[in-house]
Amino acid sequence: MITVSEDNVFSLTNKYFSYVFRVSPEGIPEHIHYGGALRDPLNVTAHHLRTQREVASTFQGGKFFSLSDTPQEYPSFGTSDYRFPALHGRNSDGNTVFSLHYKKHKITKEKKPLKDLPSTRGGACETLIVTLVDPLHKLEVELHYTIYEEFGVLVRSAKFRNKSETEIQLQHAFSTALDLPASDYEIMHFHGTWSREFNEERIDVPKGRFVVDSARGTSSAAHAPFVAILEKGSTEDAGRVYATTLVYSGNFAINIEKGEFEDVRVLAGINPFNFHWRLKPGKKFCTPEALHVYSDTGLRGMSRIWHDFIREKISPPNFKNKARPTYLNTWEAAYFDVNEDKVLALADKAKNVGVDMLVLDDGWFEGRKDDTSSLGDWVADTERFPNGIPWLAGKVKAKGLKFGIWFEPEMVNPKSMLFEKHPDWILHVPGREPSLGRNQLTLDLSRKEVTDYLFRKIDAILSCGDIDYVKWDMNRNMTEVGSAGLSRNRQREVSHRYMIGLYRLLRKLTQKYPNVLFENCASGGNRFDLGMLSFMPQTWTSDMCDPVGRLDIVNGASYLFPLDVMAAYVGPSPNHQNGRVSSIQTRFMAGVFCAARGMSLNETDLADNHNELKSLMAFAKESADDMVGGRFDRVIKNQNEVCWQYTTRDSSKVYLAYFHILSAPNLPFRRAHMVGLDPNAIYVLEEDGASYQGDALMQNGMPMPYVATGQVRDDVRYMSKGDFSSYLFVFEKAG
């Protein structure tokens with residue numbers, strides 16, 4: 001997969017793509033090609049030509065060679081390239097000029113994990129390590145590239161070593177740089193906020209610099225850590241796509257810059273804003289991993305590559321293709337007013353409605369009667385749970401259910417025993433009153449004593465052996481980011497050190513409890529990223545449980561994430577976020593293709609809708625194994641309609657969900673052109689036994705139910721009158 005010529009042309013090629021660069025005569029790693037797989041990649045023609053540019057600064061006196069238009073593998077600042085650099089820092093002379101030159105390379109048949117950060121798993125892969133050096137200041141940079149035999153993903157990271165006798169200060173330390181040749185590109189990215197995550201936006205690549213980033217301490221719902229550069233006009237089925245994301249959960253930045261000569265540079269990694277790392281002599285610094293995907297079959301091709309790779313190389317292997325339990329969460333039924341009797345009564349209701357698991361949400365620990373107190377203490381309230389959580393878990397499991405519990409470990413309330421004892425354990429800066437978010441402060445996870453404390457508290461609950469599931473919540477962004485555990489001149493390292501501490505805690509817990517199903521949540525999708533998914537097999541995608549609100553969120557998230565990692569439940573109506581009234585059926589349907597499905601309803605709703613909920617949860621249990629490992633396709637998406645297709649991993653069953661948002665009279669007839677079917681197979685519709693040829697479903701399409709506002713014939717498949725209607729087709733492949 002990795003080949004190198006005698007004159008140092010490097011090729012990383014598999015059946016999906018070729019990535020080619022060379023060492024220029026000046027010793028600069030120069031990018032040549034990233035795109036479709038090439039038969040002879042070492043001899044591909046470079047798109048960059050050397051020519052005299054008027055008024056351009058030439059690199060260190062070299063004629064016709066300016067870094068300002070040279071596509072580079074890892075650009076720095078100060079030697080004729082004026083674009084945003086991958087490396088920027090302060091050297092021992094006090095200036096910010098570095099010049100990295102090729103020193104050596106090696107190829108390994110393995111991929112080593114990063115020391116402190118989550119990283120993709122190895123296996124059937126090769127890794128190229130190219131060492132660059134600034135000989136003046138003795139800064140050494142290793143560029144790591146990993147290519148896999150069976151996945152169209154390129155993994156990149158950078159490792160810095162200070163081999164001098166003086167300190168070097170890193171200010172930009174991006175994980176990857178990708179310089180694309182001039183062309184007509186678009187940017188696709190996802191913006192949002194709480195309960196409105198993953199809103200898709202496509203814009204032309206502007207001249208100048210376009211940035212998606214976070215300085216919130218989380219990867220954030222405001223800008224997801226994902227960008228795709230598209231050949232203009234790309235669709236689900238056609239067009240070149242270059243997509244980038246990160247295996248990181250903290251402050252990130254993805255920069256897209258169109259230079260003066262129309263070339264496009266993509267940089268991805270730790271956000272340089274408010275970042276400053278003091279690299280002492282002899283010390284190392286590793287960046288998070290950045291992942292690149294190339295697809296020449298449009299967005300659908302891109303998503304399939306991401307989905308397969310995340311399942312195989314990111315998500316915890318213990319849960320690969322494992323059906324997720326259906327569940328009842330106590331939140332809507334009791335809020336903070338939970339106790340042993342209520343939980344056991346809800347367990348009976350959960351058993352009666354046919355779900356697999358009861359989840360005890362917020363409110364179970366000492367003094368927790370609202371959101372103003374007790375976060376950080378993690379001791380069961382002795383009045384409401386006199387026998388403790390392990391006893392309760394055992395009682396619930398004796399009823400034939402699994403048991404899950406909610407934590408918010410990274411936070412503390414000012415009104416808590418922990419804060420009274422350790423007020424310096426929060427993120428804070430001297431002389432400033434800490435800002436509150438949801439009446440909470442953020443614990444300083446950059447300090448080992450804090451993560452050790454949290455491990456002890458969580459371990460005390462999990463060690464009983466009866467906890468099957470943990471919902472790990474995180475409900476505020478960081479403010480007053482400072483640490484009493486670090487010196488004054490290292491305060492801009494706090495955000496990254498926090499992530500290292502969080503990952504250390506998660507690694508320790510998940511290694512000790514590999515069979516506990518951890519669910520990542522941060523006010524919904526405020527930290528939905530591959531860093532968290534490296535430890536937790538699923539994420540609470542959004543607090544938005546209204547079905548119409550959920551459609552855009554799931555659709556947007558699906559460009560990167562497989563449905564295996566998403567969780568959804570049937571919430572109350574009217575919806576708490578937007579007040580919309582919708583049916584139980586449509587509320588369930590908006591999350592029907594998520595791997596983890598359940599409900600959070602009050603006792604009246606559970607009683608009034610018992611039979612329908614029982615039927616829906618029975619369907620969720622029956623289809624649970626289908627909803628992991630399969631292929632998800634976006635078939636129709638407009639302002640008033642959404643249609644998704646899901647094909648099981650063995651291709652034996654195909655689900656087609658259709659959503660019609662607002663009703664209207666005299667609507668046109670609609671059809672959905674299904675994708676990826678066997679053209680020679682027969683697909684039998686479960687509801688009536690009708691047979692359809694695979695090629696006809698793809699070429700002629702499947703007629704969608706008519707949205708009826710008047711009288712209809714009995715032989716017409718239709719959806720009921722009114723807004724927010726949904727319909728699910730289930731096909732069995734007959735041969």
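Tabulated results
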read-out	value
One residue from Ser119, Ser99 being closer than 30 Å to Val241 by Cα and either in a loop (DSSP other than H, G, I, E, B) or of a type in the set (Gly, Ala, Ser) (or both)	Ser119
Residue within the stretch 158-174 that is under 18 Å from the mean Cα position of the chain (by Cα) and either assigned to a strand (DSSP E or B) or not polar (S, T, N, Q) (or both) present	no
Whichever residue in the stretch 441-480 is free of Cβ contacts under 8 Å to residues at least 40 places away in the same chain and crowded, with 17+ Cβ neighbours inside 10 Å and, among such residues, is nearest to Ala221 (Cα to Cα)	Leu441
Residue count for the stretch 175-187, restricted to those that are under 19 Å from Val20 (Cα atoms) and part of a strand (DSSP E or B)	6
Residues of the stretch 550-593 satisfying the condition of being surrounded by fewer than 21 Cβ atoms within 10 Å (Cβ to Cβ) and in contact with a Gly (Cβ under 7 Å, 6 or more places away or on another chain)	Gln577, Asn578
Residue in the stretch 672-686 that is charged (D, E, K, R) and under 27 Å from the mean Cα position of the chain (by Cα) present	no
Filtered residues of the stretch 481-517 (kept if touching a residue at least 24 places away in the same chain (Cβ under 8 Å), more than 23 Å from Ile426 (Cα to Cα) and either surrounded by 23 or more Cβ atoms within 10 Å (Cβ to Cβ) or not aromatic (Phe, Trp, Tyr) (or both))	Thr510, Lys512, Pro514, Asn515, Val516, Leu517
Selection count, the stretch 330-364, where residues are surrounded by 24 or more Cβ atoms within 10 Å (Cβ to Cβ) and among the polar types (S, T, N, Q)	1
Some residue of the stretch 64-85 being in a helix (DSSP H, G or I), of a type outside the set (Asp, Glu), out of contact with any strand residue (DSSP E or B) (no Cβ under 7 Å at 6 or more places or on another chain) and assigned by TED's automatic domain parsing to the domain that holds Ile28	yes
Answer from Ser542, Ser573 - the residue that is under 30 Å from Ser295 (Cβ atoms) and either assigned by TED's automatic domain parsing to the domain that holds Ala224 or in contact with a helix residue (DSSP H, G or I) (Cβ under 8 Å, 6 or more places away or on another chain) (or both)	Ser542
Spans of strands (runs of 3 or more DSSP E) in the stretch 594-666 with at least 2 residues surrounded by 15 or more Cβ atoms within 10 Å (Cβ to Cβ), assigned by TED's automatic domain parsing to the domain that holds Ile305 and at pLDDT below 95	none
Count of the stretch 462-479 residues which are out of contact with any Lys or Arg (no Cβ under 8 Å at 6 or more places or on another chain) and closer than 19 Å to Asn413 by Cβ	4
Candidate set: the stretch 430-440, residues that are free of Cβ contacts under 8 Å to residues at least 60 places away in the same chain and more than 25 Å from the chain's Cα centre (by Cα); chosen: the one surrounded by the fewest Cβ atoms within 10 Å (Cβ to Cβ)	Gly431
In the stretch 2-33, the residues that are among the hydroxyl-bearing types (Ser, Thr, Tyr), closer than 17 Å to His144 by Cβ and within 28 Å of the chain's Cα centre (by Cα)	Tyr19
Tabulated pairs, the stretch 347-371, first assigned by TED's automatic domain parsing to the domain that holds Asp605, second surrounded by fewer than 17 Cβ atoms within 10 Å (Cβ to Cβ) and small (Gly, Ala, Ser), C-beta under 6 angstrom, 6+ apart or interchain	Gly354/Ala618
Condition check for Gly78: closer than 21 Å to Lys284 by Cα, small (Gly, Ala, Ser) and either buried (at least 20 other Cβ atoms within 10 Å of the Cβ) or without any contact (Cβ under 8 Å) to a residue 24 or more places away in the chain (or both)	no
Hits in the stretch 125-157 - residues which are in a loop (DSSP other than H, G, I, E, B), among the hydrophobic types (A, V, I, L, M, F, W, C) and under 28 Å from the mean Cα position of the chain (by Cα)	Phe151
Among the residues listed as Lys342, Lys322, Lys313, the single one being at pLDDT 95 or above and under 17 Å from the mean Cα position of the chain (by Cα)	Lys313
Any hit, the stretch 423-433, residues being within 30 Å of Leu344 (Cα to Cα) and not in a loop (DSSP other than H, G, I, E, B)	no
Selection count, the stretch 686-702, where residues are in contact with a strand residue (DSSP E or B) (Cβ under 6 Å, 6 or more places away or on another chain), of a type outside the set (Gly, Ala, Ser) and surrounded by 14 or more Cβ atoms within 10 Å (Cβ to Cβ)	2
Residue match in the stretch 129-144 (condition: in contact with an Asp or Glu (Cβ under 7 Å, 6 or more places away or on another chain) and under 25 Å from Leu502 (Cβ atoms))	no
Tyr683 vs. criteria outside the structural domain of Val554 (by TED's automatic domain parsing), under 19 Å from Asn555 (Cβ atoms) and touching a residue at least 40 places away in the same chain (Cβ under 8 Å)	no
Test: Asp7 is in contact (Cβ under 8 Å) with a residue 24 or more places away in the chain and charged (D, E, K, R)	no
Strands (runs of 3 or more DSSP E) (entirely within the stretch 487-585) containing at least 1 residues that are among the aliphatic types (A, V, I, L, M)	517-520, 566-570
The stretch 150-179 - residue that is acidic (Asp, Glu) and under 21 Å from Tyr242 (Cβ atoms) and, of those, surrounded by the fewest Cβ atoms within 10 Å (Cβ to Cβ)	Glu150
Single residue of the stretch 293-313 satisfying the filter (touching a Pro at 6+ places or on another chain (Cβ under 8 Å) and either hydrophobic (A, V, I, L, M, F, W, C) or free of Cβ contacts under 8 Å to residues at least 60 places away in the same chain (or both)) that is farthest from His33 (Cα to Cα)	Ile310
Among residues of the stretch 464-480, those that are assigned to a loop (DSSP other than H, G, I, E, B) and under 24 Å from the mean Cα position of the chain (by Cα), counted	8
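Residues are listed down the side, and each one gets a yes or a no for (1) touching a Gly at 6+ places or on another chain (Cβ under 7 Å); (2) charged (D, E, K, R); (3) under 24 Å from Leu445 (Cβ atoms):
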| position | (1), (2), (3) |
| --- | --- |
| Val212 | no, no, no |
| Lys232 | no, yes, no |
| Thr235 | yes, no, no |
| Pro281 | no, no, no |
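The values are calculated or read from the model by the stated rules, or taken from the named source; none is laboratory data. Model, not experiment: these values are computed from the prediction. Note that we place each Cβ from the backbone using ideal geometry, even for glycine, and neighbour counts take in every protein chain shown.
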